[in-house]
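Asks: The following block contains the structure, expressed as structure tokens.
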Amino acid sequence: MQLFYRQLGEGHPLIIIHGLYGSSDNWMSIGKVLAEQYQVFIIDQRNHGESGHSDEHNYPAMREDLKEFMDKHNLQKATILGHSMGGKTAIYFAAEYPERVERLIVVDISPCSYKQNDSFQTKAHTQIINGLQSIDLKALSSRSEADKQLAQHIDQKRIRQFLLKNLYRDNKKQFRWKLNLPVLKTHLSDTMDGFTADTVEKDVTGFPVLFIRGEASDYIQEKDIDAAKKLFPMSEFVTIANAGHWVHAEKPKAFLKAIYSFLED
């Protein structure tokens, strides 16, 4: 699938991949800073942002979207930075095409599966998607009204503001979602998927790997660190204090410091 992207700066290529419900727009502030030293590409994954919608939504498909993007832009090798779902896309890509990866930065996600129905992640995302789908777009007159409706499902205002960035008006002034919510709901289990080192057939030891996690996030736990190190034996882990799952938005200075320390090593 052809992906929408934003391109900034010059130098060695660095690709940024957003997470679930995100878009390239969410990463522009970080991208502009990194573009001072790198050629930055920020992509919209399928069923998100300005990229196309598809009935297929899983990591093998998103992995191939990334390969197609790199091929189209003649990027034989790049540093890849992915957050949450984007981080898992980057991991799947690195496991299948390790020769195309210069360095790998994975933000607040592990290679492990979160598919269990009682997992925190599955419950949280089910609640989010149900909340978004509960908003009556045809009767909606303003974003503030959408926020009030969404507040019945999601308490945290910051998360609601992030999610509602996906709301837009079409040429008839009707509110629409940029997200392909029906498909994201149908394939939520695929988005929660993962794998172990035992299932990876290729050598993934040829590039440095950095995992960045938020201190207040539950996405990378101690058992996940062990699994990640089994897959990427030389991987490093950095924990950002007082940050949750959206590390880059909550603590951008600490986040960038960790990235530059890794890239310049």
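Asks: For T186, T122, T89, what ranking results if the residue with the fewest other Cβ atoms within 10 Å of its Cβ goes first?
Replies: The order, fewest Cβ neighbours first, is T186, T122, T89.
Asks: With 10 angstrom as the radius, rank I220, I80, I225 by how many other C-beta atoms surround their C-beta, starting from the fewest.
Replies: Ordered from fewest to most neighbouring Cβ atoms within 10 Å, I220, I80, I225 come out as I225, I220, I80.
Asks: Give the distance, in whole Å, between the Cα centre of segment 126-162 and the Cα centre of segment 219-265.
Replies: 30 Å
Asks: Quick one: S23, S119, fewest Cβ neighbours within 10 Å first, how do they rank?
Replies: S119, S23
Asks: Oh, and also: So what's the back-of-envelope 222 nm ellipticity for the chain, counting only DSSP H runs of four-plus at -39500 (n - 2.57) apiece and dividing by all residues, rounded to 500?
Replies: -10500 deg cm²/dmol
Asks: Given the peptides 106-112, 27-33, arrange them by the average over their residues of other C-beta atoms within 10 Å, most packed first.
Replies: The packing order, highest mean first, is 106-112, 27-33.
Asks: How about K72: which aspartates and glutamates have a C-alpha closer than 13 Å to its C-alpha, ignoring those fewer than 8 places off in the same chain?
Replies: E64
Asks: Next question, about the same structure. List the trypsin sites (Lys or Arg not before Pro) in segment 192-264 that DSSP assigns to loop (not H, G, I, E or B) and whose Cβ has at most 16 other Cβ atoms within 10 Å. Which are they?
Replies: Passing sites in segment 192-264 are K202.
Asks: Pairs K77/K172; K67/K173; K67/K230: which are spaced more than 32 Å apart, C-alpha to C-alpha?
Replies: Too far apart for the 32 Å limit: K77/K172; K67/K173.
Asks: Related question: Taking the chain as a Gaussian network, where each spring joins two C-alpha atoms under 10 Å apart, which residue of Q37, Q116, Q152 fluctuates the most?
Replies: Its mean-square fluctuation being the largest, the pick is Q152.
Asks: Enumerate the lysines that K251 could reach by cross-link, defined here as Cα to Cα under 26 Å, with residues fewer than 8 away along the same chain left out.
Replies: Cross-link targets: K32, K88, K123, K157, K165, K223, K229.
Asks: OK, next. Tell me, Kirkwood radius of the chain from alpha-carbon pair distances, in Å?
Replies: 18.8 Å
Asks: From the Cα gyration tensor of segment 120-188, with a ≥ b ≥ c the square roots of its eigenvalues, which class applies: rounded if a/c is under 1.5, or else prolate if a/b is larger than b/c, or else oblate?
Replies: oblate
Every number in this text was worked out from the coordinates using simple rules, so none of it is lab data. Computed from a predicted model, the values in this text were never measured in an experiment. Reconstructed Cβ throughout: ideal geometry from the backbone, glycine too, with neighbour counts over all protein chains shown.
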